[in-house]
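Comments concern the structure below.
The values are calculated or read from the model by the stated rules, or taken from the named source; none is laboratory data. Note that the structure is predicted; figures quoted are calculated from it, not measured. All Cβ positions, glycine included, derive from the backbone under ideal geometry; neighbour counts span all protein chains shown. When the accessible area is computed, the model is the full protein with side chains, heavy atoms only, and any ligands, DNA or RNA have been set aside. Shrake-Rupley method; radii C 1.70, N 1.55, O 1.52, S 1.80 Å.
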Amino acid sequence: MPPGKAPGLDLGPAMDRPFTGIDPVSVQDIGPVVRGKVRDVVDLGEHLALIATDRLSAFDVVLGTVPYRGQVLTQLSAWWFDRIADLVPTHMVATPDPNVTIARKCRPLPVEVVVRSRLTGSTDTALWTMYAAGARHAYGIRLPDGLRKNDPLPRPIITPTTKGAAGTHDRPITERDIVEDGLVETGIWEEVRSVALAVFERGRQAAEQAGLALVDTKYEFGLDADGRVVIIDEVHTPDSSRFWRSATVEERRSAGAEPENLDKELVRLAYAAQGFTGDGDPPPLGGDLAARAARAYLEVFEALTRRPLAPASYPAVPRVVAALRAYHYP
């Protein structure tokens, strides 16, 4: 698919019957279910079944549903896991359904590893938000005066955050504090930072070949039963990463316009334009904005993988539950 061409997938089935999650009772013989903001997790004993729904979260709140979001995130992460396996072990075991990842249990590290290549963002922990407020020393990194929003950084940097408990926000932290506060051992953190930068570079190169710019991303790491560093959660998806359409970045920057965001940022910016940045009750995620987000997610998927998304059937619950049962009771 040429970069910039919007995929032509009919969003109707997923718009009409969005996948909001499974009923825990339907799989109670398989394992207990924990519902997160956007994912349902079934404990299978040795492994976890990670069920990516169509629920979309921003500003630490679920705003609504985006058609085929869960499928895009599951299948794109699986695609990336295969392509970074030489850099770091991953938690993926199998994908028995387009919305389901079977993952090895790992002990998550208590920090989110954010890699950035540009001065951008719109949330409280975004580098640009801090810089625009006058900060010149953020995440333990010195930033020069005179930078504009969306300017490139001299090199990719790591700006970690803590993982906020339910109902709380993540907070910025320095790499030095991660080690000195005992959150992550020195040797493990050195490995994590090295791997994160290597995975980001792998992603940046693949995105460039697809006509996209991988601007920044969030990684999560854990330790497996043998104490090895493992990358978990998801990798380089439009939920966890910022993608711009490369061909128009400089033209739009010169005109003082935002880049063409092909990720969750387009939803954040739309909400910010309405005056919502996280305080109080959010406006509903309207159908037009949900469809725009879906088209962006699909464009990223198809540009990177060089194949169209084969839409899974909706309603999604029957096939997801059937896939879990088939995997658990082979």
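Among the residues of the stretch 220-251, write down those that are over 16 Å from PHE81 (Cα atoms) and among the small types (Gly, Ala, Ser).
Once the filter is applied, which keeps residues that are over 16 Å from PHE81 (Cα atoms) and among the small types (Gly, Ala, Ser), the stretch 220-251 yields ALA225, GLY227, SER246, ALA247.
Could you give every pair whose Cβ atoms fall below 8 Å, whose first residue belongs to the stretch 209-226 and is over 27 Å from VAL93 (Cα atoms) and at pLDDT 95 or above, and whose second residue is open to solvent by less than 20 Å² (accessible area, probe 1.4 Å) and among the β-branched types (Val, Ile, Thr), counting only separations of at least 6 or pairs across chains?
Sorted first by the residue in the stretch 209-226, then by its partner, the pairs are LEU212/VAL300; ALA213/VAL249; VAL215/THR120.
Restricting to the stretch 129-147, name every residue that is among the small types (Gly, Ala, Ser), surrounded by 12 or more Cβ atoms within 10 Å (Cβ to Cβ) and part of a loop (DSSP other than H, G, I, E, B).
Residues satisfying the conditions are ALA135, GLY140.
List the strands (runs of 3 or more DSSP E) that sit entirely inside the stretch 1-110 and contain at least 2 residues that are free of Cβ contacts under 8 Å to residues at least 60 places away in the same chain, open to solvent by 50 Å² or more (accessible area, probe 1.4 Å) and among the hydroxyl-bearing types (Ser, Thr, Tyr).
Of the strands (runs of 3 or more DSSP E) lying wholly inside the stretch 1-110, none has at least 2 residues that are free of Cβ contacts under 8 Å to residues at least 60 places away in the same chain, open to solvent by 50 Å² or more (accessible area, probe 1.4 Å) and among the hydroxyl-bearing types (Ser, Thr, Tyr).
Considering only residues that are more than 13 Å from ILE157 (Cα to Cα), of a type in the set (S, T, N, Q) and over 21 Å from the mean Cα position of the chain (by Cα), which ones fall in the stretch 173-218?
Selection gives THR186 alone.
Which residue, of LEU197, LEU183, is open to solvent by 40 Å² or more (accessible area, probe 1.4 Å), modelled with pLDDT of 95 or more and not in a helix (DSSP H, G or I)?
From the options LEU197, LEU183, the qualifying one is LEU183.
Cβ-Cβ under 6 Å, sequence separation 6+ or interchain: first residue in the stretch 154-168 and under 17 Å from LYS37 (Cβ atoms) and assigned to a strand (DSSP E or B), partner among the polar types (S, T, N, Q) and modelled with pLDDT under 90. Which pairs?
Short answer, once both residue conditions are applied: THR161/THR125.
Just the residues that are over 19 Å from the mean Cα position of the chain (by Cα), open to solvent by 40 Å² or more (accessible area, probe 1.4 Å) and free of Cβ contacts under 8 Å to residues at least 40 places away in the same chain, please, taken from the stretch 233-266.
Residues satisfying the conditions are GLU250, GLU251, ARG252, SER254, ALA255, GLY256.
Just give me the residues in the stretch 307-316 being buried (at least 18 other Cβ atoms within 10 Å of the Cβ) and under 17 Å from GLY21 (Cβ atoms), in sequence order.
Once the filter is applied, which keeps residues that are buried (at least 18 other Cβ atoms within 10 Å of the Cβ) and under 17 Å from GLY21 (Cβ atoms), the stretch 307-316 yields ALA312, TYR314, ALA316.
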